[in-house]
Structure formats: structure tokens, C-alpha cells
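The values are calculated or read from the model by the stated rules, or taken from the named source; none is laboratory data. Note that the structure is a prediction, hence the values are computed from the model and not measured. When we count neighbours, we look across all protein chains shown, and the Cβ atoms used for this are built from the backbone with ideal geometry, even at glycine.
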Amino acid sequence: MTFLLLALACQSAPLSLSEAESEALEVETRVDEDSETVLTVTWTTETTSDAVLEYGTDDRYGAVVEGWSSDDGLEHAVVLAGLSADLEWHWRAVAQTEDGELVSADGVFQPPSPPNDLPRLQVAGNSDQLVLSPVIGGESFAAIYNGAGEPVWWRKLSTSPVTFTQARMSHDGKAVIVMATLPELGESMAIVRMPVAGGAPVITYTPNGHHDFVELPTGGYAVLVKDVRPFGSDTVEGDAIVEFELDGTSRTVWSTWDAGDPDHLDAMATLVSGDKEWTHDNSLALLDGNYWVSSHRLCTVSIVHAQTGALVAELGSGGDVALTGGDGFGPQHAALPVEGGFLVFNNRPTNGGEMWSEAVQYDVDLRAGTYARAWSYDADRSVTTRMLGNVEPLPQGGHLVSWGSAGRLTILNEAHEPTWEASAPLGHGFGYSHAVRDFSGEP
């Protein structure tokens, strides 16, 4: 059983619940209209109070959480999310009257079972970690799974699997953000912000976007976009980083064309449109004022200054940072900067021979112009991921590995040993997957 409930800011110590009278407090409840997996409880108090809620699998509750309160402490809300559909959940809201008496209201919430076309995962090991991922198969979903392999939140998306690779939690933890080509929105790629607790999505159009995006502090998004230009007698597809603001303005930060021209055109893949693919950038990350971009076809990771668009450094095949220890990477996905280096999902090794995939961390010293392999995990070379795949650190230590098109998730402990494995049924895969730290919503 896995749950997560976010407690938003409150103003004083929680009330004691032991003397609360049952069903004396007027509350309103709302279940999200999309997956019906999220319960929002709201109420008003006569005096300044906290938003306090008990919940559990029976009327003894067992857990106490605090929620959101207005500035004057009279309006309150608690959002319950991430609850297993296999259990009946009891909850009780508590408040205080002007006379100092404690009153309460209670109820029962039963989340629905997930739709038949959203798979349940086969799990080995134990985990309390929630994982958000695009689920790619006959139907496409953005879904959050608990440690038992159950979907506890989802949104179905009418999109092609090849156009839906990324789903992220928003910075404030109140929405899931996806980038996909949705037929109902036309042909343009769009970023869709879906409130966890339900409500109308917020759509930002990102023409020619693909693969990955990051949410900016301004509320806008930095997006990988196709940058198609004539080159000789060919039309060649490169990539660029473009920042899209919520007011509709955009700014091109950097393009692969800024770093030089393509060569070996006859060896490039020809796309359906007839353009020849050059870089195939596939992931984007932002840390300390620099973008990190992974190029699958060039087997490089580029570091780009976010304000000026200047190329800070390039790691990998033909880059200006020298590999000094261990094997290199490439072709690869999802370069993610971490303290002292970066993580990357290596789709296949550079030394040829047997095909297998791995999660890798490299230490980087840009002053010295060097990088070296720190650790790697390859599941005994038993998994080959031809599309997607990523690795990221977990809040409590260790790492989450998504094996992309192989339809597998792994949690590693701090010794880089697997403690939890989850597998999707045949015919399903994952996009870039992420640990869920905050899972909340406001009414």
C-alpha cells in the first residue's frame, strides 16, 4: 500500500483530534472528474484554525495530515491523492468552534480501479516511491504508479506513442505536465498542464517541439524543437532550444547549427518527410544557468549557457572534454546534471559486440576538461532499450532507472543494487520516468 498526501502551509500547531465530535462540521468534497482518484475536502471555520485531516483504512484512521489554509485561517482544504484502489479509505476533517470545542466530519473514499488498457505492473521487491511516467502501448497514458505496481492517478491521451515521451510534475507539485501531439489540438506539438485534483488543462503550443521540455521559473517552458535548414542539395533536420513563455512570446536560445555543419549526409537517416536527420537531440535539463542537451546520433552531451546560448562544453564522441576513466557512452538518452557530474542512460555500449543498456554516472571537471565514469548499472546486461530510457536520483537516496521501450523500472539503493523491479506487460513501454516528490492539488 502506498500513499502520498501533501500538507501545504499552515499557521499553528495541529489540533488534537481525540475529543472531536463526529459529523458536527460542514464540509464539501469533490472528486476529480478525470480519473476519480483524487479527493478534495474543503471547509470553513469560525476562528483561525489549521486544516487537519485524519485518514486510514478503517475508522481508527491512524494518520494525521495538515492541508492548505487561507491567509486569515478560516478557509481550509486538504487534497488526498495516491491512494490504492484496492482499499476503502476513511477520513475525518477537524476544526475548532468559537467556544473552543473541536468538531469534525467524516467520510469514506474508494478510488476506482484503473481502466483495462492501463496496465498494472508486475513487481519484485518493496518500495514506497511513487513513479510518474508516460505509458506507451495500444493507448497512451500519463500515469503515477505506487510500489505495488498499481496506477493511482492517470490521464488518457489520444496521441501517437512516438509523440509522447515526457511527463513531469510541476514545480509546485499541483499538476502533471506532458508534451504531446494531440489530434484534438491540431498538428502542433503542445505542452499540457493537467491539475492533479482535476480541472481544465492549460495548453501552451510549442511548434516543432519534440522529445523533452523543462519548466522555467517564469512559468514558461524550454523545449527541444526541430530546426530544419537547407544544406547543399539536401534539407537537414537539426535541433534547437526554444523558450516559450505563457504570454505567447518565444526565444531561440541555441541551435545545433550554431556548433557547425552536418557531414556524412549519405549516412543519415531519411525521415518520412524527406528531411535528413542530423543530431536527434532527445533530452533537455537545466541546472545552474546551463542547459544540458543529449544528442543521440552524435553521441554527445552539450552544455549551453541559458542566457547567451554559448556552448560551454561538449562531452562524448568528438567533444572537447576528454574521457579519462572508464568507457564512454552513446548513442544515449536523458543526460541529467547532478552535483559533480551527470547521469545518462546509455542505450548501447561504444565497444561493439553484444547489445545491452545501462544507467551511468560520470564525474566531470570542466576546469581540467575531463570526465570519468563513476558507476554504472546494467542489470547483468539482460536489458536492451532501443528507445528512450533515463536515470535520476531519488529524494531518499539511490536512483530510479526507467528502461524505456523495454517496459521496465528499477530502483537502486545507494550501493547501486536493485531493491525494486517493476515490469509492464508485453507491448508496453515507458517514456522518461520520474520520482514523485509532491503530489497535491487545490480546489
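Quick check on my filter: what residues within region 139-149 are outside any strand (DSSP E or B) and crowded, with 24+ Cβ neighbours inside 10 Å?
N146 - this is the single residue of region 139-149 that is outside any strand (DSSP E or B) and crowded, with 24+ Cβ neighbours inside 10 Å.
Kindly indicate whether any position in region 238-260 is at pLDDT below 90 and touching a Lys or Arg at 6+ places or on another chain (Cβ under 9 Å).
No - not one qualifying residue is present in region 238-260.
Where in region 271-350 are the strands (runs of 3 or more DSSP E), entirely inside, with at least 3 residues that are surrounded by fewer than 19 Cβ atoms within 10 Å (Cβ to Cβ)?
Result: 311-316, 322-325.
Select from region 63-81 the residues that are surrounded by fewer than 22 Cβ atoms within 10 Å (Cβ to Cβ), in contact (Cβ under 8 Å) with a residue 60 or more places away in the chain and assigned to a loop (DSSP other than H, G, I, E, B) and list them in ascending order.
The one that is surrounded by fewer than 22 Cβ atoms within 10 Å (Cβ to Cβ), in contact (Cβ under 8 Å) with a residue 60 or more places away in the chain and assigned to a loop (DSSP other than H, G, I, E, B): G73.
State whether one or more residues within region 167-183 are of a type outside the set (A, V, I, L, M, F, W, C), assigned by TED's automatic domain parsing to the domain that holds V391, under 18 Å from the mean Cα position of the chain (by Cα) and modelled with pLDDT of 95 or more.
yes
Within the group E101, E88, which residue is assigned by TED's automatic domain parsing to the domain that holds T45 and modelled with pLDDT of 90 or more? Steps first, answer last, please.
Working: E101 fails: modelled with pLDDT of 90 or more.
When all the criteria are applied, what remains is E88.
Name the single residue, out of those in region 26-50 being of a type in the set (D, E) and surrounded by fewer than 16 Cβ atoms within 10 Å (Cβ to Cβ), that is farthest from K174 (Cα to Cα).
Quick first cut of region 26-50, residues of a type in the set (D, E) only: 26, 28, 32-34, 36, 46, 50.
Going one step further and asking which of them are surrounded by fewer than 16 Cβ atoms within 10 Å (Cβ to Cβ), we end up with 26, 28, 33, 36, 46.
Working: E26: 25, E28: 20, E33: 16, E36: 16, E46: 28 Å.
The extreme case among them is E46.
Do you know which residues across region 88-138 are under 30 Å from L25 (Cβ atoms), among the β-branched types (V, I, T) and not in a loop (DSSP other than H, G, I, E, B)?
V94, V103, V108
The rows are residues; the columns are (1) surrounded by fewer than 20 Cβ atoms within 10 Å (Cβ to Cβ); (2) closer than 30 Å to A424 by Cα; (3) not β-branched (V, I, T).
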| residue | (1), (2), (3) |
| --- | --- |
| V52 | no, no, no |
| Y55 | no, no, yes |
| D86 | yes, yes, yes |
| H90 | yes, no, yes |
| G107 | yes, no, yes |
| V123 | yes, yes, no |
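Would a scan of region 394-407 turn up a residue that is over 27 Å from G319 (Cβ atoms), within 21 Å of the chain's Cα centre (by Cα) and surrounded by 23 or more Cβ atoms within 10 Å (Cβ to Cβ)?
Yes, region 394-407 contains a residue that is over 27 Å from G319 (Cβ atoms), within 21 Å of the chain's Cα centre (by Cα) and surrounded by 23 or more Cβ atoms within 10 Å (Cβ to Cβ).
For region 367-385, give me each residue that is surrounded by 14 or more Cβ atoms within 10 Å (Cβ to Cβ) and not small (G, A, S).
Once the filter is applied, which keeps residues that are surrounded by 14 or more Cβ atoms within 10 Å (Cβ to Cβ) and not small (G, A, S), region 367-385 yields T370, Y371, R373, W375, Y377, D378, V383, T384, T385.
Could you list all residues from region 186-235 that are surrounded by fewer than 18 Cβ atoms within 10 Å (Cβ to Cβ) and of a type in the set (S, T, Y)?
S188, Y205, T218, S233, T235
Go through region 418-437 and report how many residues are outside any strand (DSSP E or B) and crowded, with 17+ Cβ neighbours inside 10 Å. Don't jump to the end; show me each part of the working.
Narrowing region 418-437 to residues outside any strand (DSSP E or B): 424-428, 431, 433, 436-437.
Among the residues that remain, those that are also crowded, with 17+ Cβ neighbours inside 10 Å are: 424, 428, 431, 433, 436.
The qualifying residues number 5.
Return yes when W420 is of a type in the set (F, W, Y) and either within 21 Å of A334 (Cα to Cα) or without any contact (Cβ under 8 Å) to a residue 24 or more places away in the chain (or both) and no when it is not.
So W420 fails the test.
If I filter region 402-414 down to residues being polar (S, T, N, Q) and assigned to a strand (DSSP E or B), which single residue comes out as nearest to A167 (Cα to Cα)?
To start, the set of residues in region 402-414 that are polar (S, T, N, Q) comprises 402, 405, 410, 413.
Add one more test, that the residue is assigned to a strand (DSSP E or B), and what stays is 402, 410.
Values: S402: 13, T410: 18 Å.
Checked region 402-414; the qualifying residue nearest to A167 (Cα to Cα) is S402.
For every residue, the table says whether it meets (1) assigned by TED's automatic domain parsing to the domain that holds E150; (2) in a loop (DSSP other than H, G, I, E, B); (3) among the basic types (K, R); (4) within 25 Å of T324 (Cβ to Cβ).
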{"residue": "M355", "(1), (2), (3), (4)": "yes, yes, no, no"}
{"residue": "V360", "(1), (2), (3), (4)": "yes, no, no, yes"}
{"residue": "V364", "(1), (2), (3), (4)": "yes, no, no, yes"}
{"residue": "Y371", "(1), (2), (3), (4)": "yes, no, no, yes"}
{"residue": "T385", "(1), (2), (3), (4)": "yes, yes, no, no"}
{"residue": "P395", "(1), (2), (3), (4)": "yes, yes, no, no"}
{"residue": "L400", "(1), (2), (3), (4)": "yes, no, no, no"}
{"residue": "H416", "(1), (2), (3), (4)": "yes, yes, no, yes"}
